[in-house]
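Trainee: The structure follows.
The values are calculated or read from the model by the stated rules, or taken from the named source; none is laboratory data. All values reported here derive from a predicted model rather than from experimental measurement. When we count neighbours, we look across all protein chains shown, and the Cβ atoms used for this are built from the backbone with ideal geometry, even at glycine. Just the protein is used for accessible areas: all its heavy atoms, side chains included, with ligands, DNA and RNA removed. Shrake-Rupley method; radii C 1.70, N 1.55, O 1.52, S 1.80 Å.
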Amino acid sequence: MFWTREVSDMPDLEVVDRKDFSDVTYLLEVRHPLMTKAAKPGQFVIVMEHEHGERIPLTIADFDVERGTITLVIQAIGKTTREMQARCTVGTRLFAMVGPMGIPSHIGKAKKVICVGGGLGVAPVFPQARAYKQSGAYVIGVLGFRSRDLMFWVDKFRQVCDELIVCTDDGSAGLKGLVTAGIAQAIAAHPDIDEVVAIGPPIMMKGCAEATRPHGIKTMVSLNPVMVDGTGMCGGCRVKVGHRVKFACVDGPDFDGHEVDFEDLMARLARYKPSEREALAQWKESCRLRSDIDATGSA
Ligand SMILES: Cc1cc2nc3c(=O)[nH]c(=O)nc-3n(C[C@H](O)[C@H](O)[C@H](O)COP(=O)(O)OP(=O)(O)OC[C@H]3O[C@@H](n4cnc5c(N)ncnc54)[C@H](O)[C@@H]3O)c2cc1C
Ligand code: FES
C-alpha cells in the first residue's frame, strides 16, 4: 500500500485528464505509476483533495500501467465530492492518496458471469468485467442508468463483454426497467451462469441478490459504508454479513450478497445525513461569500 503526499518535485497525483459525464458525474485520471503496478480489480484509494480536506474512499475504476495513471469516477453528492468537482481540473494535483486498499475481487474460474453496474456502480465494476474476460470467462454486462443522458462507458464495456444489456429506468435507451430486469433476461437466456457481480446503491445490490437467490447463483456485491481510517481501526465501516460483524475496509469491500444485512447498511448510512447536510450548506455559503467578494473586489 502506498501513501503519497503531494510534494513539489514529484509529478504524482497530478490530474492528467478529466471528463464530465453529466452535471454530477465526473472522471479524474490521476498520475500515480506505483499505484497502477499494485492495483487490482475491486480495490479502492482514500483521497484528500487539499490539506484540510476530508479523506474519502473512491474505487479504482481503471488503471493503466503504461500511462502510469489510475482513473476515479466520482459522483458529486456532498461537500467533498462537489468541492473536488469544482477544483480538480487538468494540471491540478490531489493533496494525498493512500492505497490500493481492500481485498482484491476474487476472479476465480467462473466460465460465465454477469457483471452488473447501477448508476455510478458502472465504473467500479469495469475492472472486474475486464479481469473475467482476460481469465477466459464469457462476460455478460448489465448496465443500469436512470435515463439515456446519464449513460457512460457503454462502449468501454462493449470491448470486454460478450453480451451487453443496457437498462434505463425511463426506457429512453435499451431495456426499460431496473438492472434486475436485465439480470432476469440474462439468466433466462443462459441457465449456466456461475456468478454475478453487482455494484451500485445498496438498494440495487439488495435487489440483485434477491433476483439471483432463487437460482442459487453466487452473487458478490461491493459495500460502501462510511469509512474513516480505512485500516480496520475505527470500526466506522462495520457491516453485518452472515450474522457476523465485518469491516468493509479490510475484510471487503466485496462480500457475498446473499449474506449481507442490507437493512443494517442502509440504516447506518442514513445516520450521518444531518451532519452531511450541514457540511454541504456551510461549504455552499462559503462559496457564495467568496464569489460576492470577488464580484465587489473587496476583501
Ligand atoms: C469502498 C468505497 C468505494 C467508493 N467508491 C466511490 C467511487 O468510486 N465514486 C464515488 O463517487 N463514491 C465512492 N464512494 C462513496 C464516496 O466515498 C462518498 O460519496 C464520499 O465520501 C461523499 O463525501 P461528500 O463529502 O461529498 O458527501 P457527504 O455529504 O459527506 O456524504 C454523502 C454520502 O456519501 C457517503 N459517505 C460520506 N462520507 C463517506 C466516507 N468517509 N466513506 C464512505 N462513504 C461516505 C454516505 O453515504 C453519505 O450519505 C465509495 C465508498 C466506499 C466505502
Ligand atoms: S474505515 Fe475504520 S475500520 Fe474500516
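Trainee: Mind checking which residues of the stretch 34-45 are under 19 Å from residue 229 (Cβ atoms) and surrounded by fewer than 22 Cβ atoms within 10 Å (Cβ to Cβ)?
Mentor: Correct list: empty.
Trainee: Which ones in the stretch 14-33 are outside any loop (DSSP other than H, G, I, E, B) and open to solvent by less than 40 Å² (accessible area, probe 1.4 Å)?
Mentor: Within the stretch 14-33, 15, 16, 25, 26, 27, 28, 29, 30 meet the criteria.
Trainee: State whether one or more residues within the stretch 151-168 are touching a Pro at 6+ places or on another chain (Cβ under 9 Å) and open to solvent by 40 Å² or more (accessible area, probe 1.4 Å).
Mentor: Among the residues of the stretch 151-168, not one is touching a Pro at 6+ places or on another chain (Cβ under 9 Å) and open to solvent by 40 Å² or more (accessible area, probe 1.4 Å), which makes the answer no.
Trainee: With respect to the numbered conditions (1) open to solvent by 60 Å² or more (accessible area, probe 1.4 Å); (2) within 15 Å of ligand 1 (Cβ to nearest atom), which one is the sole condition not fulfilled by residue 245?
Mentor: Condition (2) is where residue 245 drops out.
Trainee: Taking the stretch 77-101 on its own, how many of its residues are crowded, with 18+ Cβ neighbours inside 10 Å and assigned to a loop (DSSP other than H, G, I, E, B)?
Mentor: Result for the stretch 77-101: 2.
Trainee: Working only within the stretch 116-141, note down all residues that are assigned to a strand (DSSP E or B), farther than 15 Å from residue 201 by Cα and open to solvent by less than 20 Å² (accessible area, probe 1.4 Å).
Mentor: Answer for the stretch 116-141, where residues must be assigned to a strand (DSSP E or B), farther than 15 Å from residue 201 by Cα and open to solvent by less than 20 Å² (accessible area, probe 1.4 Å): 139, 140, 141.
Trainee: Hey, another quick one. Only residues that are closer than 14 Å to residue 117 by Cβ and either open to solvent by 60 Å² or more (accessible area, probe 1.4 Å) or free of Cβ contacts under 8 Å to residues at least 40 places away in the same chain (or both): list them for the stretch 193-218, please.
Mentor: Listed by number, the residues that qualify are 201, 207.
Trainee: What is the one condition in (1) within 13 Å of ligand 1 (Cβ to nearest atom); (2) of a type in the set (D, E, K, R); (3) touching a Leu at 6+ places or on another chain (Cβ under 9 Å) that residue 55 does not satisfy?
Mentor: (3)
Trainee: Do we find that residue 229 is in contact with a strand residue (DSSP E or B) (Cβ under 9 Å, 6 or more places away or on another chain) and more than 6 Å from ligand 2 (Cβ to nearest atom) in this structure?
Mentor: In short, no.
Trainee: Next question. Answer yes or no as to whether residue 231 is within 16 Å of ligand 1 (Cβ to nearest atom), more than 20 Å from residue 106 (Cβ to Cβ) and of a type in the set (Ser, Thr, Tyr).
Mentor: Yes.
Trainee: Shifting gears a bit: Would a scan of the stretch 102-111 turn up a residue that is outside any loop (DSSP other than H, G, I, E, B), farther than 14 Å from residue 60 by Cα and modelled with pLDDT under 95?
Mentor: Scanning the stretch 102-111 turns up no residue that is outside any loop (DSSP other than H, G, I, E, B), farther than 14 Å from residue 60 by Cα and modelled with pLDDT under 95.
Trainee: Sticking with this one: If I filter the stretch 172-182 for residues that are farther than 23 Å from residue 60 by Cα and basic (Lys, Arg), do I get at least one hit?
Mentor: Yes, the stretch 172-182 has at least one match.
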